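The values are calculated or read from the model by the stated rules, or taken from the named source; none is laboratory data. Because the structure is predicted, anything quoted here is derived from the model rather than measured. Methodologically, a virtual Cβ is constructed for each residue, glycine included, from the backbone with ideal geometry; neighbour enumeration extends over all protein chains shown.
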Amino acid sequence: MWVDDPLSTASPGMRPSALALVAIALLLLAPSAAGELIAGGNSKEVVVDGQRYEFTAYQGTFSEFDSAFTASTLPWWGSASVAQQYATEVYGAPFLADGLSESDAHYVYFQSSPSLVAAYYDPDEQSAVVKSYVTSAELVFVNARAVPEIDGEALAQGLLAIAALGLSVSVRRREAARSDAPVA
């Protein structure tokens with residue numbers, strides 16, 4: 001008895017094992033390496049406007065960490081008011097190394113050599129303020145990477161589907177073994 005399996009490969013007798021299917025699923029569900037933090041940063045997850053971000057601080061000059069600051073890691077880029085909003089929201093969620101205050105964290109939103117403009121939270125003013133600096137200034141710069149939300153229900157359904165597929169393949173193999181017929 002031949003078993004018609006839509007997942008079988010082009011070669012007769014070659015079928016994916018349940019373990020291989022689970023491995024493929026895990027690879028697809030694994031977080032990407034693009035979300036890795038740059039070594040040396042201090043990080044903290046904070047929710048701003050309903051979106052979870054991983055904020056990372058870098059101490060030094062802006063150009064030292066130039067590769068850490070891209071449009072995708074500076075959601076406030078180009079807007080003083082948005083940079084001030086982030087500085088205000090993140091203030092009070094300590095994530096900096098010992099000896100640094102959250103008011104040291106600068107949210108750069110404009111850079112044109114030899115200057116940059118950043119927002120930071122001023123506890124004396126009890127609000128975020130904007131200041132211009134030279135690009136060679138030693139400061140604490142902050143970036144933020146959006147943390148993707150994992151849909152638990154969809155993940156559970158996907159794992160259930162993979163388990164059902166593995167069980168189906170296992171049952172088909174047993175049936176084929178009992179009938180002593182080759183399996184396509």
For this session: Could you tell me which of the residues ALA87, ALA34 is at pLDDT below 50, part of a helix (DSSP H, G or I) and farther than 30 Å from SER170 by Cβ?
Result: ALA34
Exercise. Just wondering, is there one or more residues in region 147-157 that are farther than 19 Å from VAL46 by Cβ, at pLDDT 85 or above and not hydrophobic (A, V, I, L, M, F, W, C)?
Worked result: no
Problem set entry | Residue among PHE95, PHE65, PHE55 that alone is at pLDDT below 85, in contact with a Lys or Arg (Cβ under 8 Å, 6 or more places away or on another chain) and of a type in the set (Phe, Trp, Tyr) | PHE95
For this session: For region 143-163, name all the residues that are loosely packed, with under 10 Cβ neighbours inside 10 Å and assigned to a helix (DSSP H, G or I).
Result: GLY152, GLU153, ALA154
For this session: Quick one: VAL117 ticks every box in (1) modelled with pLDDT of 90 or more; (2) within 19 Å of ARG145 (Cβ to Cβ) except a single one, so which number is it?
Result: (2)
For this session: Mind listing just one residue for me: the one in region 104-142 that is among the hydrophobic types (A, V, I, L, M, F, W, C) and free of Cβ contacts under 8 Å to residues at least 40 places away in the same chain and, of those, surrounded by the fewest Cβ atoms within 10 Å (Cβ to Cβ)?
Result: VAL134
